[in-house]
1. Just need a number here: residues in the range 39-58 that are open to solvent by 20 Å² or more (accessible area, probe 1.4 Å) and either basic (Lys, Arg) or closer than 22 Å to residue 15 by Cα (or both).
2. Within the range 87-124, track down each residue that is of a type in the set (D, E, K, R) and either open to solvent by less than 10 Å² (accessible area, probe 1.4 Å) or not in a loop (DSSP other than H, G, I, E, B) (or both).
3. Just give me the residues in the range 44-63 being in contact with a strand residue (DSSP E or B) (Cβ under 6 Å, 6 or more places away or on another chain) and closer than 16 Å to residue 85 by Cβ, in sequence order.
4. If I ask for residues that are open to solvent by 60 Å² or more (accessible area, probe 1.4 Å), of a type outside the set (S, T, N, Q) and either modelled with pLDDT under 95 or out of contact with any strand residue (DSSP E or B) (no Cβ under 6 Å at 6 or more places or on another chain) (or both), which ones from the range 1-38 would you list?
5. Say we look at the range 59-68 and pick out the residues that are part of a loop (DSSP other than H, G, I, E, B) and touching a helix residue (DSSP H, G or I) at 6+ places or on another chain (Cβ under 9 Å); which of these is most open to solvent (accessible area, probe 1.4 Å)?
6. Across the range 6-22, which residue is nearest to residue 114 (Cα to Cα) among those that are within 11 Å of the chain's Cα centre (by Cα) and of a type outside the set (D, E, K, R)?
7. Out of the residues in the range 74-86 meeting the condition of being closer than 21 Å to residue 63 by Cα and open to solvent by 30 Å² or more (accessible area, probe 1.4 Å), tell me which one is farthest from the chain's Cα centre (by Cα).
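The values are calculated or read from the model by the stated rules, or taken from the named source; none is laboratory data. Only a predicted model underlies this, so the values are computations on that prediction, with no experimental measurement involved. Please note: Cβ atoms are built from the backbone with ideal geometry, for glycine as well, and neighbour counts cover all protein chains shown. The accessibility values were calculated without ligands, DNA or RNA, using every heavy atom of the protein model including side chains. Shrake-Rupley method; radii C 1.70, N 1.55, O 1.52, S 1.80 Å.
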Amino acid sequence: QVQLVESGGGLVQAGGSLRLSCTASGRTFGTYGMAWFRQAPGKEREFVAALTWSVGYTNYADSVKDRFTISRDNAKNTLYLQMNNLKHEDTAIYYCAAPKRLYISTDPADFGSWGQGTQVTVSS
């Protein structure tokens, strides 16, 4: 099992930037990659971005493409999400997650380890 802890959320004005961090501990060597999801009030949890370790493959939701960047610091076992040009509709709780099996999908059901989440609020 992988333990995940997110940080870096906060309140920012539209057009601003934030960088989220997700520190992993436990059986990190068993993960294929990791992903970020978000959940806004009254909405389902949705995929944001993913990164695979071996070839550095990245995938982004269309709504965040060209604004968000996912990356990893191997030495620190930390996953990042750099968010630029934030919009009001980016307001949500952001979660990092590790997959149950050796593939990365965009379906939250395929992820078995989750952090507690960090709140991002973008004022318009």
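1. Just the residues of the range 39-58 that are open to solvent by 20 Å² or more (accessible area, probe 1.4 Å), to begin with: 39-47, 53-58.
Keeping just the survivors that are either basic (Lys, Arg) or closer than 22 Å to residue 15 by Cα (or both) gives 39-41, 43, 45-47.
The qualifying residues number 7.
2. Filtering the range 87-124 down to residues of a type in the set (D, E, K, R) leaves 87, 89-90, 100-101, 107, 110.
Hits for the range 87-124 are 89, 90, 110.
3. 48, 49, 60, 61
4. Listed by number, the residues that qualify are 27, 29, 32.
5. Among those residues, the one meeting the criterion is 63.
6. Only one residue tops the list, namely 22.
7. 85
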